[in-house]
1. Tell me what the chain gives for mean residue ellipticity at 222 nm when only DSSP H runs of n ≥ 4 count, each as -39,500 (n - 2.57), the sum divided by the residue total, rounded to 500 deg cm²/dmol.
2. Quick one: longest stretch of the chain between exposed loop GluC sites (Glu not before Pro), exposed meaning at most 12 other C-beta atoms within 10 Å and loop per DSSP?
3. Once you place label points 7 Å from the Cα toward the Cβ at residue 123 and residue 65, how far apart are they in nm?
4. Quick one: which residues, 5+ away or cross-chain, put their amide H under 5 Å from the amide H of residue 137? H built at 1.01 Å from N.
5. On a full-extension model of 0.36 nm per residue, what is the gain between residue 99 and residue 142, subtracting their alpha-carbon distance, rounded to one decimal in nm?
6. One-quarter of the Cα convex hull surface for region 1-84, in nm²?
7. Less than 11 Å Cβ to Cβ from residue 42, Lys/Arg counted +1 and Asp/Glu -1: what total charge do the surrounding residues give?
8. Put +1 on the Cβ of each Lys and Arg and -1 on the Cβ of each Asp and Glu in the chain; which of 107, 138, 52 then has its Cα farthest toward the positive end of the dipole?
Amino acid sequence: MPITTDEVEARVVRLDASAIKEARTILFRAYKHEPTFKYLFQAERPGYDQRVRATIRELCHLHFSLDQEVIGLTLDSRLIAVALVGSPVVRLDLSRQFAWRMRMLLTAGSESTWRYIEYHKQIHKVLPHGEHHELPLIGVDAQHRSLGYG
């Protein structure tokens, strides 16, 4: 689906695992200054960037390992935005994802892991029942924000 802005055409594309590093970079930059992440991962404590990076890395890894859709927006063949799309069939309960939890405990720390799992549970309590897609992570590259790409 093309999006045209100022003579430049952006394209929505499906991403595969080969784009994971670039996708993680965009998501890290998008969430690093996000107030909820600052709270959950305790921005005031040393190691905040590492905890956010670890969380995004592990969520992307889990998403790809479950064969969930990842879409991107490219502009001049460069990835400028990413969205992880959760299928209506796969309802992700992070507290039951043992391998994910273990990797999170080792990389983001126990307090951050449990805070994120609790946050995830609270979000799921207010989601509508029935089939719907979820966007667990979505981000636009900093230099393309506020231009209508999101």
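Just so you know, all these numbers are worked out from the coordinates, no wet-lab data involved. These numbers come from a predicted model, not from an experiment. We place every Cβ from the backbone using ideal geometry, glycine too, and count neighbours over all the protein chains shown.
1. Helix contribution divided over all residues of the chain: -13000 deg cm²/dmol.
2. The longest such stretch corresponds to 45-130.
3. Label-label distance for residue 123 and residue 65, simple model: 1.8 nm.
4. 84
5. 12.3 nm
6. 6.3
7. +2
8. The Cα lying farthest towards the positive end belongs to 107.
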